[in-house]
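Undergrad: Please find one structure pasted underneath; my questions will follow.
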Amino acid sequence: MSINNNYFKLFTLACGLLATVSACKKDQQTPVKEVAINLPSDMVLTYGQETDIALPADLISQADLSFKLQFDETENTQISAGTKLYDQLAKAVTIDKSKGKIHVDSRLLYPNGATSSANGKTIPDIYKITVVANSTAGTLEGKQTFSLKIAPARITIKGIDDKNETPYAYVLYNDNGASFELQAESIPTNGTTWHLNMDSKFSSIIGLQGNQVQFRANAGDPEKKAEQGYDLTAELQKDGFTVASRPFRVIFIPQIKFFYGTYYPDLNLTILTNRLYIALSNGYKSAAPTLYPEKYRSTFSLVSVEKDGKPFDNKEGIISVDSTTGAVIVKQNETLTEGDYKMIIKAITTTGLEFQADLTLNMSEG
């Protein structure tokens, strides 16, 4: 029994020594140092944009420090049958230590909050991207999460006044309808499709062929007399998610009549008085021209003057046009000589459309 007791005592002593050595080794381990990555906390891009985020120079200069990206703070939305959001994030947000940057390509993602027309899934309101830094020896580590938000791009509608937030166009009633071209100049359109949101009751009047919005000849008032507008939203979709959009408005209006004379709308009768005889040298002011419908009347200007079929130099401003009424004014003068003076007058309507009319004054000695 004494020999076994001695072995037991030796075994206990050895275990104690091993535990002491192990504890000493733990006490001698180098503590992990936390490093600051110091990236912007958030950024906003418009779909189609790319950008680079610089990594701190003091970190990329450390050879044993590596970086990786994590997306686990963002919901892994199902994009399509074989693709999830993390797959797209891994392609769109990449890190390259050798170049010292994080590259973000919004064209590989989707605007936040967009809902797919294909599967009904919704993109999270914000993307959360975590940058993790670790040294090979495990003595340095750092972590920072930044937010990325992507806004939908804006579509251009060719042929529509684009100055306003909601562009619009006036179209005169005609037998051919109207068409407008949708454009997304700074956006790659491979794998995308055009869509048009509108009231379903207009589906027999308005159609979409490729990127062409087409209004049929029966658009607007059947009698082509009353003004009628259509509110639409054009969309460019990728994987069912809207990546670019633009609301716009198209207003059909009656044909504009602009001439010097009289119009009787109840009879649809036009009487032209665009050739008049006046005495030379006397002052003169014509009657205002007809612009019908009257509510579209806006401003008038003088485009050109000809005398006997040749350009006339009106540098002295003897002949002018009242900008508010369209009446032609001839100042009393001693400069003009006998002949036919033909004026071209331009009317700009309240809708921004332009029309021209002519008035000829035959001036002779009284």
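Undergrad: Of PHE248, PHE355, PHE215, which has the largest mean-square fluctuation in a 10 Å C-alpha GNM of the chain?
TA: PHE355
Undergrad: Which lysines have a Cα less than 25 Å from the Cα of LYS149, not counting those fewer than 8 places away in the same chain?
TA: Within the straight-line cut-off, LYS149 pairs with LYS68, LYS84, LYS91, LYS97, LYS99, LYS101, LYS121, LYS128, LYS238.
Undergrad: Give me the Å³ per residue figure for the convex hull around the C-alpha atoms of the range 154-253.
TA: In the range 154-253, the Cα hull volume divided by residue count equals 95 Å³.
Undergrad: Moving on to the next point. How compact and how long is the range 257-364, expressed as Rg and Dmax of its alpha-carbon atoms in Å?
TA: Here Rg and the maximum Cα pair distance are 14.1, 44 Å.
Undergrad: A further question follows. In whole percent, and with a 1.4 Å probe on the protein chains, what portion of the accessible area of the range 257-364 is carbon and sulfur?
TA: Numbers: 2910 of 5850 Å².
Carbon-and-sulfur percentage of accessible area, whole number: 50.
Undergrad: Restrict the search to the range 192-276; then list the trypsin sites (Lys or Arg not before Pro) that DSSP places in a loop and that have at most 15 other Cβ atoms within 10 Å of their Cβ.
TA: Qualifying residues, ordered by number: ARG216, LYS225.
Undergrad: Tell me, in nm to one decimal, what length is gained between LYS99 and LYS149 on full extension, where the rule is 0.36 nm per residue of separation less the Cα-Cα distance?
TA: Gain on extension, LYS99 to LYS149, equals 15.6 nm.
Undergrad: Can you give me the Kirkwood hydrodynamic radius for the range 33-151, using every pair of distinct Cα atoms, in Å to one decimal?
TA: 15.1 Å
Undergrad: With a 1.4 Å probe and all protein chains left in place, how much of the accessible area of the range 154-253 comes from carbon and sulfur atoms, in whole percent?
TA: On the range 154-253, the fraction of accessible area on carbon and sulfur atoms equals 41 percent.
Undergrad: Most mobile of TYR296, TYR277, TYR127 per a Gaussian network model of the chain (Cα springs, under 10 Å)?
TA: Between TYR296, TYR277, TYR127, it is TYR277 that shows the largest mean-square fluctuation.
Undergrad: How high is the FRET efficiency between ASN197 and ASP125 when r is their beta carbon distance and R₀ equals 22 Å, given to the nearest 0.05?
TA: It comes out at approximately 0.50.
Undergrad: Where in the range 331-366 does the label zone of VAL303 land, with the point 7 angstrom along Cα→C-beta and an amide N cut-off under 20 Å?
TA: 340-362, by backbone N distance to the label point.
Undergrad: Then there's this: Would you please give the FRET efficiency between LYS163 and GLN62, computed as 1/(1 + (r/R0)^6) with r the Cβ-Cβ distance and R0 = 45 Å, to the nearest 0.05?
TA: 0.30
Undergrad: At 7 Å along the Cα-to-beta-carbon direction for both ALA118 and SER204, put a label point, then send me their distance in nm to one decimal.
TA: Between ALA118 and SER204, the simple spin-label model gives 3.4 nm.
Undergrad: For labels at ASP231 and TYR86 in the simple 7 Å Cα→Cβ model, what's the distance in nm?
TA: 4.3 nm
Undergrad: Given (i) 20.4, 66; (ii) 38.4, 156; (iii) 22.3, 70, which label gives Rg and Dmax of the Cα atoms in Å as computed from the coordinates?
TA: So the structure-derived entry is (ii).
Undergrad: Accessible area per residue of the range 229-366 at 1.4 Å probe, in Å²?
TA: Numbers: 6750 Å² over 138 residues.
With all protein chains present, the range 229-366 gives 49 Å² per residue.
Undergrad: Students often get this wrong: which residues of the range 346-366 have the backbone nitrogen under 11 Å from the point 7 angstrom along Cα-to-C-beta of LYS285?
TA: Flagged as within label range: none.
Undergrad: If you don't mind, another one. Cross-link candidates for LYS346: which lysines have Cα within less than 16 Å, leaving aside residues fewer than 8 places away along the same chain?
TA: Straight-line reach from LYS346, under 16 Å: LYS257.
Undergrad: Further, regarding this structure: On a C-alpha basis, how far is the centre of the range 140-172 from the centre of the range 219-243 in Å? Whole number, if you could?
TA: 19 Å
Undergrad: Can you sort THR290, THR335, THR46 by 1.4 Å-probe accessible area, starting with the largest?
TA: Ranked from most to least accessible, the order is THR335, THR46, THR290.
Undergrad: Hey, another quick one. Heavy atoms of the protein only, probe of 1.4 Å, neighbouring chains included. What is the accessible area of ASP72 in Å², nearest 10?
TA: 110 Å²
Undergrad: Now a separate question. So what is the calculated 222 nm ellipticity per residue for the chain, using -39500 (n - 2.57) for each DSSP H run with n of 4 or more, over all residues, to the nearest 500 deg cm²/dmol?
TA: Calculated mean residue ellipticity at 222 nm is -3500 deg cm²/dmol.
Undergrad: Carbon and sulfur: what percent of the range 33-151's accessible surface (1.4 Å probe)?
TA: 47 percent
Undergrad: If I fit a long axis through the Cα atoms of helix 2-28 and take the longest principal axis of the Cα atoms of the chain, what angle between them do I get, 0 to 90°, rounded to 10?
TA: 30 degrees
The values are calculated or read from the model by the stated rules, or taken from the named source; none is laboratory data. Here the structure is a predicted model, which means the values were calculated and not measured. Positions of Cβ are backbone-derived with ideal geometry, glycine not excepted, and every protein chain shown enters the neighbour counts. Just the protein is used for accessible areas: all its heavy atoms, side chains included, with ligands, DNA and RNA removed. Shrake-Rupley method; radii C 1.70, N 1.55, O 1.52, S 1.80 Å.
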